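The values are calculated or read from the model by the stated rules, or taken from the named source; none is laboratory data. Everything numeric here is computed off the predicted structure, so don't read it as measured data. Neighbour counts run over all protein chains shown; Cβ positions are idealised from the backbone, glycine included. Just so you know, the surface numbers come from the protein's heavy atoms only, side chains and all, with ligands and any DNA or RNA stripped out. Shrake-Rupley method; radii C 1.70, N 1.55, O 1.52, S 1.80 Å.
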Amino acid sequence: MKTAARQIVAFGGGGFSMESGNPLLDDYVLGLTKAERPRVCFLPSASGDADHYVVRFYRAFAAHRCEASHISLFRREQGPADLRRHLLSQDLIYVGGGSVVSLLGVWRAHGIDAILREAWEAGVILCGLSAGSLCWFEEAVSGFHGEPQRLHGLGLLPFSNCVHYERGSARCEAYRRFLREGMCGGYAAEDGAALHFTGEELSRVVASRPQARGYRLDVAGGRVVEMQIATAFLGDRPPSPVAPLPEALSTALAPAA
Amino acid sequence: MPVDGNGRLPSATTPVRRVLALGGHEFSSRPADRAVCELLLRLASEHGGKRPRICILPTASGDTSEQISSFYAAFGERPCEPSDVSLFRLGRRPLALRDHLLAQHLIYVGGGSLVNLLAVWEAHDVASILSLAWRQGIVLAGQSAGAMCWFEAGITKSSGKPRPAAGLALLHGSLCVHYNNEPERRAAYLDAVGDGMPSGYGLDDYAGLLWEGEGTPSALTARRGARAYRVTSQEGEVTESALPARFLPAPAPAALREDIAEFRRIKTMRRRAGWLG
């Protein structure tokens with residue numbers, strides 16, 4: 001039996017939630033499904049299932065190009081009764097932004113964490129921005145409330161993640177400090193940049209803004225090493241062929257010494 | 001021994017632990033809803049004086065603006081300091097969660113999904129703060145999910161159909177809300193208690209139970225016909241008995257209150273001027 005590739009697209013920030021009028025990242029994830037009319041399910045859990053957010057999702061993922069649905073864990077009586085069946089039947093699961101701490105709490109209460117892992121393994125593409133990006137990783141830097149905090153995500157990707165990675169921000173500084181304090185190495189993405197993983201390997205970084213970039217961060221000898229990753233702009237410019245990632249960026253585990 | 005303004009012994013004694021569980025209500029201007037708000041205000045004032053601090057935790061609803069604005073509409077013009085702690089909105093409105101909650105005189109928990117409420121509280125470590133607040137004498141109140149959360153167990157529709165779910169267990173036993181208003185919930189509760197869920201209470205919409213310290217709670221009702229029930233089980237046999245309840249009269253509506261105040265002011269002025277003998 002051939003298993004479909006496991007894919008996750010983690011936005012640093014962007015898509016319909018943050019870039020009204022710029023559908024590049026949303027178009028990119030829809031395109032990955034290879035389906036003519038992909039089934040897309042929105043999980044707005046991190047926002048407390050805010051009505052206005054759900055409405056914006058349906059506006060962005062209009063009926064002519066996909067079959068959109070959403071799951072509101074605060075109003076279970078209105079949605080699909082069998083969450084697992086519904087999620088496993090999707091081509092794309094899109095997770096919205098908000099509080100990642102609340103998101104993970106509510107997901108665990110409804111068993112969504114296990115279902116998402118199963119969906120990922122079955123080839124359903126997982127994506128999201130902000131909290132919806134942090135959630136996929138082993139460790140994450142959350143700057144949602146007060147001082148940036150270090151927390152554990154679902155752990156589908158064995159790295160750390162930092163979103164809205166803007167130079168000089170408290171989040172940026174905190175990420176570097178956490179890395180020095182032992183957080184596992186990982187990836188950061190600026191607003192407009194998205195990290196596309198196939199399996200547990202970063203396959204490419206794409207962007208909805210020409211200047212947006214993704215980064216790989218590691219600690220070597222007590223110092224934080226940051227590497228900018230070649231990023232493909234998804235906009236009007238003639239598409240430049242994306243060079244394969246340099247060896248240094250390979251995310252494969254080093255053989256045991 | 002020195003006694004504080006409320007006649008309580010300071011620090012030497014444990015504060016009275018108070019919980020008000022409500023079967024269901026809204027923050028509307030209808031008489032029964034006004035009666036509930038008046039009770040909340042009175043409970044808060046017992047320790048909070050003339051301008052008690054009252055905070056809503058709208059977590060169970062996902063912090064809907066609807067729930068938050070109706071709370072402010074009910075308390076905004078009353079003698080109190082209302083606030084809200086929206087865990088899903090902290091990003092835009094940071095605040096010191098623990099300090100803010102422990103500074104309140106009454107913490108009110110809104111309705112919604114009991115399962116989500118407890119999950120989000122656990123994730124943010126709010127449960128331990130609330131337990132401390134309770135032990136410090138801050139009144140804990142709430143309706144629907146916000147009432148069941150204080151008990152060992154309740155009947156929730158968080159997953160669609162009514163089924164048992166665990167609460168924080170500050171209070172012994174179980175609670176079922178919207179008791180005669182949602183017959184399928186009551187049926188699920190009676191089944192659950194028969195099957196071994198701890199005995200407890202059923203509360204119709206506009207009925208409430210008030211715990212003040214240890215012992216049995218007092219039943220309250222803000223609408224004729226709304227009742228509180230004691231539900232117990234003996235060898236699988238479930239007994240339900242209505243509790244005698246004190247009726248909460250509705251205060252005058254806000255507009256009328258202003259008119260009355262205005263009338264009193266005029267009367268005083270006239271009296272001073274010697275117009276009224």
Report summary line: Residue hits (region B:238-274; part of a helix (DSSP H, G or I) and either under 30 Å from B:Tyr189 (Cβ atoms) or among the charged types (D, E, K, R) (or both)) are B:Arg257, B:Glu258, B:Asp259, B:Glu262, B:Arg264, B:Arg265, B:Lys267, B:Arg270, B:Arg271, B:Arg272
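Is it the case that some residue within region A:197-214 is open to solvent by 50 Å² or more (accessible area, probe 1.4 Å) and touching a Leu at 6+ places or on another chain (Cβ under 7 Å)? Before you say what the answer is, go through the steps one by one.
Step one: filter region A:197-214 for residues open to solvent by 50 Å² or more (accessible area, probe 1.4 Å), giving A:198, A:200-201, A:203-204, A:209-211, A:213.
From what's left, touching a Leu at 6+ places or on another chain (Cβ under 7 Å): A:200.
Checking region A:197-214: at least one residue is open to solvent by 50 Å² or more (accessible area, probe 1.4 Å) and touching a Leu at 6+ places or on another chain (Cβ under 7 Å).
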Query raised in the report: Would you say A:Arg56 is surrounded by fewer than 24 Cβ atoms within 10 Å (Cβ to Cβ) and in a loop (DSSP other than H, G, I, E, B)?
Result: no
Report task. Find all pairs meeting these conditions: Cβ atoms under 9 angstrom apart; at least six residues apart or on different chains; first residue within region A:108-119 and within 14 Å of chain B (Cβ to nearest Cβ); second residue surrounded by 21 or more Cβ atoms within 10 Å (Cβ to Cβ) and of a type in the set (S, T, N, Q). Result -> A:Ala109/B:Ser113; A:Ala109/B:Asn116; A:Ala109/B:Ser158; A:His110/A:Ser45; A:His110/B:Asn116; A:His110/B:Ser158; A:Ile112/A:Ser45
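Give the number of residues within region A:109-128 that are farther than 26 Å from B:Gly146 by Cα, open to solvent by 10 Å² or more (accessible area, probe 1.4 Å) and under 15 Å from the mean Cα position of the chain (by Cα). Even if it seems obvious, please write down each step before you answer.
Of region A:109-128, the ones farther than 26 Å from B:Gly146 by Cα are A:114-128.
When the remaining residues are screened for being open to solvent by 10 Å² or more (accessible area, probe 1.4 Å), the result is A:114-115, A:117-118, A:121-123.
This time we only want the ones that are under 15 Å from the mean Cα position of the chain (by Cα), so: A:117.
Final tally of qualifying residues: 1.
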Report task. Output the number of the condition that B:Val139 fails; it satisfies all remaining conditions of (1) in contact with a strand residue (DSSP E or B) (Cβ under 8 Å, 6 or more places away or on another chain); (2) under 20 Å from A:Asp49 (Cα atoms). Result -> (2)
Requested in this report: Return the only residue of B:Gln67, B:Gln104 being open to solvent by less than 40 Å² (accessible area, probe 1.4 Å) and either out of contact with any Pro (no Cβ under 7 Å at 6 or more places or on another chain) or over 30 Å from B:Ala254 (Cβ atoms) (or both).
Outcome: B:Gln104
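Tell me which residues, restricted to region B:187-225, are of a type in the set (S, T, N, Q) and surrounded by 15 or more Cβ atoms within 10 Å (Cβ to Cβ). Give the steps one after another, and end with the answer.
Residues of region B:187-225 of a type in the set (S, T, N, Q): B:199, B:216, B:218, B:221.
The answer is B:Ser199, B:Ser218, B:Thr221.
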Requested in this report: Could you figure out which of (1) within 26 Å of B:Gly112 (Cα to Cα); (2) open to solvent by less than 20 Å² (accessible area, probe 1.4 Å); (3) assigned to a loop (DSSP other than H, G, I, E, B) isn't true of A:Ala46?
Outcome: (3)
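In region B:73-178, which strands (runs of 3 or more DSSP E) lie fully inside it and hold 1 or more residues that are within 14 Å of chain A (Cβ to nearest Cβ) and not aromatic (Phe, Trp, Tyr)? Break it down stepwise before answering.
Details: elements: B:81-84, B:106-109, B:139-143, B:153-156, B:163-166, B:174-176.
Once the strands (runs of 3 or more DSSP E) in region B:73-178 are filtered for at least 1 residues that are within 14 Å of chain A (Cβ to nearest Cβ) and not aromatic (Phe, Trp, Tyr), what remains is B:81-84, B:153-156, B:163-166.
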Query raised in the report: Can you name the condition, by its number, that A:Ala81 falls short on among (1) free of Cβ contacts under 8 Å to residues at least 40 places away in the same chain; (2) more than 23 Å from B:Ser86 (Cβ to Cβ); (3) within 12 Å of chain B (Cβ to nearest Cβ); (4) not in a loop (DSSP other than H, G, I, E, B)?
Result: (4)
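Only one of A:Cys135, A:Cys184 is within 14 Å of another protein chain (Cβ to nearest Cβ) and touching a residue at least 40 places away in the same chain (Cβ under 8 Å); which?
Numbers: A:Cys184 fails: within 14 Å of another protein chain (Cβ to nearest Cβ).
That would be A:Cys135, the only listed residue that is within 14 Å of another protein chain (Cβ to nearest Cβ) and touching a residue at least 40 places away in the same chain (Cβ under 8 Å).
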Query - Residue satisfying condition, being within 12 Å of chain B (Cβ to nearest Cβ), under 30 Å from B:Leu90 (Cα atoms), out of contact with any Pro (no Cβ under 6 Å at 6 or more places or on another chain) and among the β-branched types (Val, Ile, Thr), within set A:Val54, A:Val100, A:Val95 - result: A:Val100
Report summary line: If we ask which residues in region B:18-63 are part of a loop (DSSP other than H, G, I, E, B), surrounded by fewer than 21 Cβ atoms within 10 Å (Cβ to Cβ) and more than 12 Å from the chain's Cα centre (by Cα), their number turns out to be 6
**Report entry** Of all residues making up region A:69-108, the number that are modelled with pLDDT of 95 or more, open to solvent by 40 Å² or more (accessible area, probe 1.4 Å) and closer than 30 Å to A:Gly146 by Cα
**Finding:** 2
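Going by the conditions given, is A:Val55 on the phi < 0 side of the Ramachandran plot and in contact with a strand residue (DSSP E or B) (Cβ under 7 Å, 6 or more places away or on another chain)? Spell out the reasoning first.
Details: on the phi < 0 side of the Ramachandran plot: yes; in contact with a strand residue (DSSP E or B) (Cβ under 7 Å, 6 or more places away or on another chain): no.
No: the conditions fail for A:Val55.
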Query raised in the report: Out of the residues in region A:30-43 that are buried (at least 20 other Cβ atoms within 10 Å of the Cβ) and outside any helix (DSSP H, G or I), which is nearest to the other protein chains (Cβ to nearest Cβ)?
Result: A:Leu43
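Would you be able to tell me the number of residues in region B:242-275 that are small (Gly, Ala, Ser) and either surrounded by fewer than 10 Cβ atoms within 10 Å (Cβ to Cβ) or touching a helix residue (DSSP H, G or I) at 6+ places or on another chain (Cβ under 7 Å) (or both)?
First pass over region B:242-275, keeping only residues small (Gly, Ala, Ser): B:242, B:245, B:250, B:252, B:254-255, B:261, B:273-274.
From what is left, the residues that are either surrounded by fewer than 10 Cβ atoms within 10 Å (Cβ to Cβ) or touching a helix residue (DSSP H, G or I) at 6+ places or on another chain (Cβ under 7 Å) (or both) are B:250, B:252, B:255, B:273-274.
Going through region B:242-275 one residue at a time, the tally reaches 5.
I'm trying to understand the selection: among the residues of region B:135-161, which are surrounded by fewer than 23 Cβ atoms within 10 Å (Cβ to Cβ) and within 21 Å of A:Ala109 (Cα to Cα)? So that I can check it myself, show each step before the final result.
Going residue by residue through region B:135-161, those that are surrounded by fewer than 23 Cβ atoms within 10 Å (Cβ to Cβ) are B:135-137, B:152-153, B:157, B:159-161.
Of everything in region B:135-161, those that are surrounded by fewer than 23 Cβ atoms within 10 Å (Cβ to Cβ) and within 21 Å of A:Ala109 (Cα to Cα) turn out to be B:Glu152, B:Ala153, B:Lys157, B:Ser159, B:Gly160, B:Lys161.
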